[in-house]
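Everything below concerns the one structure shown next.
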Amino acid sequence: MKLIFATNNKNKVEEIKHLTHHKFEILTLQEVGIDIDIPEPHDTLEANATEKSTTIYKLTNEAVFSEDTGLEVAALNGAPGVKSARYAGEGRNMQDNIDKLLHELKDKPSRAAQFRTVASLIINGTEYQFEGICKGHITTTQDGTSGFGYDPVFIPEGSDITFANMDVTEKNKYSHRKKAVQQLIDFLNDYQPTI
Ligand code: IMP
């Protein structure tokens, strides 16, 4: 079965291709010849995930999934959350985002945080959503060079190193994205189309 992953983020594709079962062939937007910047205009991860999968479903009419992820920090009332990519401004500069996060947390007693992923699957015209959460905390300094985004400042519960010090297989033992997409794969394994 072919499944289009509606993202232009190569790191996300690598993480997901590590998970998938032989039953599914995951195709990237590049592999299906789509070159667009998918909009993320909404105030919730759920609505943005729907927007991404719907945009690509309308173009292809094929089974498609997308995901939207946010870093939710308790001491910042859930920020940066859905605004994680643009936390320090519209430039989406990741170093600026990390610098702002470390600055905002400087005097906070709690550094508890979680990544939350909402995956949206559209198959035969119906949407299904799946959520994955990874709890952990924000470090005081950046550490590691693997991965992407906030990985250098996030240590998941059960580990003592940042995501940016893990390879993809190890990150997937904890990952929010893995948890959401694994549910999606389990769903598809049992899926019986209604005709
Ligand atoms: P989006 O899901 O691509 O919109 O991601 C929102 C923001 O969270 C971006 O700044 C990403 O770099 C960051 N982000 C998403 N997933 C992860 C992750 O697994 N680790 C670290 N940062 C992430």
**Item:** GluC sites (Glu not before Pro) lying in DSSP loop within segment 94-195, provided at most 14 other Cβ fall within 10 Å
**Value:** Glu157
**Asked** At 222 nm, what helix-only mean residue ellipticity would the chain give, in deg cm²/dmol to the nearest 500, using -39500 (n - 2.57) for each DSSP H run of four or more?
**Response** -8500 deg cm²/dmol
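Kindly put Thr50, Thr126, Thr69 in sequence by how many other C-beta atoms sit within 10 Å of each C-beta, fewest to most.
Working: Thr50 19, Thr126 9, Thr69 25.
Least crowded to most crowded, the residues run Thr126, Thr50, Thr69.
Want the number for Ile36 to Gln142: 0.36 nm per residue separation, take away the alpha-carbon distance, what's left?
Full extension of this stretch gives 35.0 nm more.
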**Message:** Less than 13 Å from a label point 7 Å out along the Cα-to-Cβ axis of Asp96: which backbone N atoms in segment 133-152 qualify, by residue?
**Reply:** none
**Asked** Can you list residues whose amide H is under 5 Å from Lys2's amide H, if they're 5+ apart or on another chain and H is modeled 1.01 Å from N?
**Response** Glu25
**Request:** Could you size up the charge dipole of the chain around its Cα centre, putting +1 on the beta carbon of Lys and Arg and -1 on that of Asp and Glu, and report it in debye to the nearest 20?
**Result:** 180 debye
**Complete:** Of Lys178, Lys108, Lys135, the most mobile residue in a GNM of the chain (C-alpha springs, cutoff 10 Å) is Lys108
**Request:** Write down, largest first, the equivalent ellipsoid semi-axes of segment 2-190 in whole Å, where each equals the square root of 5 times an eigenvalue of the alpha-carbon gyration tensor.
**Result:** 28, 18, 14
**Request:** Return the single residue from Pro109, Pro39, Pro152 with maximal mean-square fluctuation; model: Gaussian network over the chain, springs between Cα atoms under 10 Å.
**Result:** Pro109
**Item:** Lys2, Lys23, Lys52 arranged by Cβ crowding within 10 Å, fewest neighbours leading
**Value:** Lys23, Lys2, Lys52
**Asked** What percent do you get for the relative contact order of segment 132-195 when only Cα pairs under 8 Å and 6+ apart count?
**Response** 32 percent
**Item:** Residues of type lysines that Lys52 reaches as a straight line, Cα spacing below 21 Å, ignoring anything fewer than 8 places off in the same chain
**Value:** Lys2, Lys10, Lys12, Lys17, Lys83, Lys178, Lys179
**Prompt:** Can you list the residues, at least 5 places off or on another chain, whose amide H is less than 5 Å from the amide H of Gly78, using H built in the peptide plane?
**Reply:** Val73
**Prompt:** In a GNM of the chain with a 10 Å cut-off on Cα contacts, which of His42, His103, His176 has the highest mean-square fluctuation?
**Reply:** His103
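Please give the length that would be gained between Glu46 and Lys106 if that part of the chain were fully extended, namely 0.36 nm times their separation in residues minus their C-alpha to C-alpha distance (nm, one decimal). Show your work: numbers first, answer last.
Details: separation 60, 0.36 × 60 = 21.60 nm, distance 3.01 nm.
Here the segment from Glu46 to Lys106 would lengthen by 18.6 nm.
Each value in this text was obtained by applying a stated rule to the coordinates, not by laboratory testing. These numbers were taken from a predicted model, which means no experiment stands behind them. Note that each Cβ is placed from the backbone with ideal geometry, even for glycine, and that neighbours are counted across all protein chains shown.
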